[in-house]
Structures are given as C-alpha cells and as structure tokens.
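The values are calculated or read from the model by the stated rules, or taken from the named source; none is laboratory data. All values reported here derive from a predicted model rather than from experimental measurement. All Cβ positions, even for glycine, are placed from backbone atoms using ideal geometry, and neighbour counts span all protein chains on display. Just the protein is used for accessible areas: all its heavy atoms, side chains included, with ligands, DNA and RNA removed. Shrake-Rupley method; radii C 1.70, N 1.55, O 1.52, S 1.80 Å.
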Amino acid sequence: MNPKHVSPCRSYENAYNRSAFILCAFAVLFLFPFAGFTANAQSNPAMIRFDENTKVFRIDTSKTTYVLGINENQQVQSLYWGARLADGDHFAAAKAMPGHSSFDLPVTTTPHEYVGWGGGLYVEPDLKITFPDGNRDLALKYVSHKINGDELDILMKDISLEVYVTLQYKADGETGIIRRSAEIENRTNEQFTIEQAFSATWNLPRGTDYRLRYLSGRWGAEWNVQQQPVQPGKTVLESRRGTTGHQNNPWFAIDREGSNDSEHGSVWFGALGWSGSWEITVEQDTLQQVRISGGPNSFDFGYRLQKGEHFQTPYFYGGYSSEGIGGASRLLHRFEIDSILPHAPHPALRPVLYNSWEATEFNVDEAGQMALAEKAASIGVERFVMDDGWFGQRKDDHAGLGDWYVNPQKFPHGLKPLIDKVHSLGMDFGLWVEPEMVNPDSDLYRKHLDWVLNFSGRPRTEARNQLVLNLARPDVREYVFNVLDKLLNENDIAFLKWDYNRNWSEPGWPAVAPEDEKKVYVDFIRNYYSILAELREKHPKIEIESCSGGGGRVDLGVLRLTDEVWTSDNTDAFDRLLIQNGFTYAYTPGVMMAWVTDSPTWVNHRTLSLEYRFLSSMQGSLGIGANLNKWTPEDFDTAKKMVAQYKGIRETVQRGSLYRLITPENNSEQSVTESVSRDGHQAVVFAFLHSSTELYPFPRLYLRGLDAKAVYRIDAMDSRLAPDTPAEASGAYWMEHGVDVELRGDFQAAAFTLERKN
Ligand code: GLA
C-alpha cells in the first residue's frame, strides 16, 4: 500500500484489449486444449475475455467461471461466480437491478463489484471519501479496461471529480482463486481523506439458504470453526487491534443448504491478505442478495491522500469449490503453496525443530542451551531455536524488549559458541525476537519515550509489561531493520521466530499532523512488510516464523513474507486436534507449527502418551518443545523413531491434499485426517480417540483421494490396524470397504500409511 505519484501515461486502449483477447483465445484454443489440463500450474492459464457488444467480462479457470459486466449506468456489476461454464454460454449485458419502492434505490439493490458511498447507497460501501469542501458523495463509473494474460484492470472514475479507482483482478488458472484489490488515485488538485478503502466486494447468487463458516478464538484457543445461517442483516468479522488477531481470522467460507457433507456442494470462500486491523462484512440485503466486502477496518480509518498520490488496498482472495468445504480448503492450501509462500511454487519443506521456550522459559544460558541442543540432535532434530530471554536485561517479561544485545551474563562470549555447537551437531540455528515491542524498563524506552504508540497526554496502557513501538515512524522502522540486519550479519542465523505479544492501545502518532495520525493503521503494516521483505532480500537464506502469542498473526499478507506460523501457545496435544482442525480450513498444514511438549501439560494438566503427542504434532510441521532434560531413555527411543517416521511422510503432510475424515468439532469422540501426496503415491492417516463408550468400535475409515484402480500397500506406523486388514488392496478397496483401526480407551492415537505400488 505505497502511496506514490501516478504515472500520467497509463494506457487503457480498447484496441489493445481486442488484440490481447484474440491472441489469448488463440493460445487457449490451440495450445491449451481443455481436455489436456494437468496438475501443472503453468499449463492451466486463466482466460479473460471481454465481449464488446454486451460489455461483459468473463474469467475462466480450470474449474470456475467469474463474470461481470458494465451496466447501463456504467457501473461494474457482478453476473456470475461459480462452477466452470461451457465456452459457448452467453451472457446478456448487465442490467442494474430495479429499486424497491422509494426506500431502496437501484444503487443499493444492484450487486456492484466495487461501489463508492454516495447517491443513496445503504449497503456496505467499498470506498468512502471526504473531500475538502465537505462533499462526501462518490459515484464511480466505468472508464476503460486492460486485459493482460491472467490479469484484468478496470478503471473507474467519479462522475465529476478526478478520483480514479482501478479494480484489479488476477486469476489463478489452476485453483480458480481470484486475487482482487483496488488502487485509488487522487488526480484532483487537492488532498482528500479516505475513510473506508475496501479491496473488493464478492456477490453470491441470489439465495436464502447460505451458511457462513468463520474462525473465532482467543489466546490459547485459536481457530474455532463457527457456523451460522446468512440471514437478513450484516455479520462483521473484524480486528480493531492493529493486527490480525486471535479473535477472528480474515477468512470466510459460505456454502448452501447447510450440507454436512464436507466433500460435496458449492462453497465460496475468501481470505484477506492484511496483517493490520481488518474487516469482512457478510450482508444479505433486503432483496436477498448476499455480498461479502472486505479490506482494512473502516473503524477509526482515515488516510489523507495528497494530490497525485495513490492508495493500493490489500489483496482479497476469493475462490469457489464444488467439492464442499474440504475442496475449498484444499484449493486454498494449494494456492498458498504455489502462489503465496516465499519461494512459491517450491517453498522448502519445514525442518524438524526444537524450541527451548517450554523447557527453560526466560532462563536461557550457554551451557543449558548446549545441553538441550545435544539431546535434540540425538533424536533427529534439524533446527535448534533459542526462544525468549537471551537479550538485554531479560530475566522475565518485565524488562529488556527493545535492547537487542546479547545478555553478557547468560552468554559471556556472545552467541557464537552456541551457534557453532548447534552447527557441529548437524542442525541450523534459530532465534526468537519481538522487534515491534518495548518494555518501559529498557534502555530503548528510556532514550525514546516518543517512539511508542500514544496520544499526547493520555495513559499508555501496558500489556505483558510492554508497549508497542510505532513502526509507522521512519526512525523506528530504521531502528528495527538495523537491529535485525546486524543480528543476521553478525551471527549465522537460519531462522527468526518473530513474535508480537500484545495488541494496540491508544494508537496515536503525535509527531505527525493530526489529520495524518490515523495513517498509522496502514503505514505500520506497510513498514512491517517492508522490513520482512528487505531482510529476506539481504539475507536470502533466512526463514521466518510469524508468531503472536500463538496464532495471532496469521493471514495471507504475512504468509507472503514468512515461511511458517506458530499455531497456538496451547500445546496440549488433545486441545491441538481442534485447534489444528480449524487452522486447516484456511491455511496449509505445511506452515502449521506443532510442538511435542511435556506431559502433564501446563495448559490443563492432562497426561498423554508420548506417541499420542507425536502423532498430534505430526499432522502439521513437527517441532519438539519439551524439556529434554527430563526425558527417559525410552522417551528418546520413541522420539527418535517417530521423528524418522515423520521425515518419511512430511512431504505428504506439508504439501499434500488434506481430507478431514472425521472432524473433532462438536465434541466428537474421534478426529481423523488423511493426507494424500501430490503425486498420489502416498497417503497418511492419523486417527485419534477421545474416549470410547459402551464398547463401540472405532468408526471404519473410508479413505479418499486415491486412484481406485491402483494397488496400495498399507503400513501401520504402530500396531493398531485390525488383524484382518489386507497388506495390499486397490484404492477402491481402501475407499469403499475402508480400514478398521483398533482404538479403545481414553486418548488413544494411531497412524498408518498407504504406498502406491503401480
Ligand atoms: C509468546 C510465544 C511463545 C513464546 C513466548 C516468549 O507467547 O507464543 O511461544 O515465544 O512468547 O515470551
């Protein structure tokens, strides 16, 4: 979202569009016949067409079609979003909806792709501006468009003011996911203030049988899947916290008729790529039209745009699946791996890591960390991460944040001896940082009282004894970047766990003009992203984890710049089943860090076997967070075996297709997932039993995603398969006849793999 000066020579020539269309159509018809689609993203380009006569745009991907048109009022109107239509299917020109009595005018009843607040609009606007003369009316009309391969730009302009908005679409041919955003340009001769700048509105086919799924939570309990019917009125999912937040995640999925079949039926879904305060509204209007709008939160929003500047909104991604919520998740996972993550479409597999936090908390020192590192290496850990406590005067959470020098009492020779030791054990080294925060008890705060978010003369509310640095300030941005750059220059660090342990309060920025203080909501996040991007550019081998007291900063914005995320501070392996289940509705298990920690757990004092804890964590990216000093020789043997097993399945778990065979939602007694590798050669099943009652056997498991005709060999990773299970059988057998696992009692777990033979 960088304001920059607008180039005067943007070309939106329709002649160019026509020739681009002819070339594109030629390429699609002759070079990429539809029958020849493969799993390769390159061979599945999206096709965008424009019909000059009807003024209809059509975006086709391998399985979806998205259609919009310019109506008689020159508004950009949604026409269709759903399963792929036949090439010859024809759309009539868009026609604005009639109003409904004198109370609901056509501007309100028409399903706009993007609409300014003005002219009697009562549904959620995408854009609201206050002009210096007090005018707040904005009526955007189509001007021109540009098609470039899989991208479509539609230029709109206010009826009288030189306010331009470019609606930007980019379609992914393979998954059908469309990336949308808007660029707002001030070509007037004065400044104006944007009070709401959403990225897009998505419109669903008219209907009253929709069900919304979204994610809610709190610290230690993120990723709860919620369901509710879409009813007249508006549901707002949001964060007003300056960050993504644990409480709602910027993701939604909407299906029809409340079907509980996770693999069939239409699902529309979307996710915002924004790590600041955000908002998604789901609104059913008076004529039963459902629209979903989203972008930076409009609450307390204000962005003054000077003459000649422009404002780019975050990306809002939307997709459609005809294969139920399971299919929707798999499309998102695939898209994240192929198009979002750093190094996409080939992001590195996650190494097995060890993290010291739960073992030592703040009591880190050279000898203690070295001892843990030796033990971690002995079970096959590949990355050793030292958590909080290594810097400044950090003895507990009261002091030190902001002072990023190595604590000389704990590490008298700096970090080098520890890092060398970790390397000598065959692991790489990672370090915890929380760069956007400061403890009032720190040298940094004593020197720069004005660097934190605050309103002049008002209290500065502390949380975990810390304040938030105002990263929107150029000097703070420079300080934070330099601290991290120096750390990486001076130490051989492969990985940063970047934490963020509170949300905002008193979000003022007294150093700028009062009219610009609210820019903090945008400029902070922009600087956060730019630091991540610059660090990655200067240190191309660095990997970064996004953490915020667990899963408080996970979204498609930060995932473009980080390799993995910390799912939750709740590491109880049973609680994690529900947490991880919710996480995977929106995000790939390939970034979902899951540690094996001690038992009984600090979370709820529950006791679980080490095998159970491993199997729970092996559903994501495996880490160990236990105090290895307390482990028995048998624990080490078990861990060594299970880490080795994980390495044999991790590509399938991290990159494969996920099927939720039984979800742990609604207090289900079981939880079962299956992952099928991308090449279809391996499937991995994890099965968990909470508690068995009345001698009922564990439900038979009917696998999915296999080739019915291929033969697969089954391999129990433990000895829980029913004795009469054949060693080999067809995909049809495993999917139709199913597999029995023998789980009885409380907190039991099993896992098995299927390997394709032919
Ligand atoms: C947060 C993180 C934890 C740990 C602590 C350290 O709570 O989520 O994993 O790093 O901070 O203070």
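Data for the structure
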quantity: Cα centroid separation - the stretch 405-455 against the stretch 65-111, whole Å; calculated: 55
quantity: For the stretch 486-572, convex hull of alpha carbons as volume per residue, Å³; calculated: 124
quantity: Calculated Rg and Dmax of the stretch 631-683 using C-alpha coordinates, Å; calculated: 14.5, 39
quantity: Nearest-0.05 FRET efficiency for ASP492 and GLU728, computed from C-beta distance (R0 56 Å); calculated: 0.75
quantity: Convex hull (Cα only) mean projected area of the stretch 184-263, reported in nm² to one decimal; calculated: 8.3
quantity: Reach of LYS416 by Cα under 15 Å, taken over aspartates and glutamates that are not fewer than 8 positions away in the same chain; calculated: ASP365, GLU366, ASP428, GLU490, ASP492
quantity: Per-selection metrics, the stretch 426-467 (Cα): Rg and Dmax in Å; calculated: 14.3, 53
quantity: Approximate spin-label separation ASP51-ASN758, in nm, with each point projected 7 Å along Cα-to-Cβ; calculated: 4.8
quantity: Evaluated at q = 0.19, 0.21 Å⁻¹: base-10 log I(q)/I(0), Debye formula over Cα of the stretch 240-334; calculated: -1.00, -1.11
quantity: Rounded accessible area per residue of the chain, 1.4 Å, Å²; calculated: 37
quantity: Along each principal axis, Cα extent of the chain, largest first, Å; calculated: 77, 69, 48
quantity: Antiparallel DSSP beta bridges within the chain, as percent of all bridges there, nearest 5; calculated: 80
quantity: For the stretch 653-738, convex hull of alpha carbons as volume per residue, Å³; calculated: 107
quantity: Relative pair counts by distance (%), Cα atoms of the stretch 219-280, 5 Å bins; calculated: 4, 15, 23, 24, 18, 12, 5, 1
quantity: Mean-position separation - Cα centroids, the stretch 348-378 and the stretch 683-700, in angstrom; calculated: 34
quantity: Stretch gain in nm, segment THR235-ARG700, where the contour uses 0.36 nm per residue and the Cα spacing is subtracted; calculated: 163.6 nm
quantity: Whole-angstrom gap from the stretch 121-170 to the stretch 295-332, using each part's C-alpha centre; calculated: 16
quantity: Computed FRET value (nearest 0.05) for ALA533 with ASN73, which takes r as the C-beta separation and R₀ as 35 Å; calculated: 0.30
quantity: Set of lysines with alpha-carbon distance to LYS647 below 24 Å, sequence-local pairs under 8 removed; calculated: LYS375, LYS421, LYS497, LYS541, LYS757
quantity: Projected-area average for the stretch 51-137 over all orientations - Cα convex hull basis, square nanometres; calculated: 7.3
quantity: Qualifying lysines (Cα of each under 16 Å from Cα of LYS128; at least 8 residues distant if same chain); calculated: LYS141, LYS157, LYS518, LYS519
quantity: Globularity ratio of the stretch 395-516, using Cα Rg and 2.2 N^0.38 Å; calculated: 1.20
quantity: Calculated [θ] (222 nm, deg cm²/dmol) that DSSP helices of n ≥ 4 give over the chain, each run adding -39,500 (n - 2.57); calculated: -5500 deg cm²/dmol
quantity: Per DSSP, loop GluC sites (Glu not before Pro) in the stretch 119-217 with at most 13 further Cβ within 10 Å; calculated: GLU162, GLU190
quantity: Cleavage-rule hits, GluC sites (Glu not before Pro), the stretch 492-562, DSSP coil, Cβ neighbours within 10 Å at most 10; calculated: none
quantity: Hypothetical label at SER456: residues of the stretch 474-513 whose amide nitrogen lies under 16 Å (7 Å Cα-Cβ projection); calculated: 507-513
quantity: Of the trypsin sites (Lys or Arg not before Pro) in the stretch 682-758, those whose Cβ has at most 13 other Cβ within 10 Å and which sit in DSSP loop; calculated: ARG700, LYS709, ARG744, LYS757
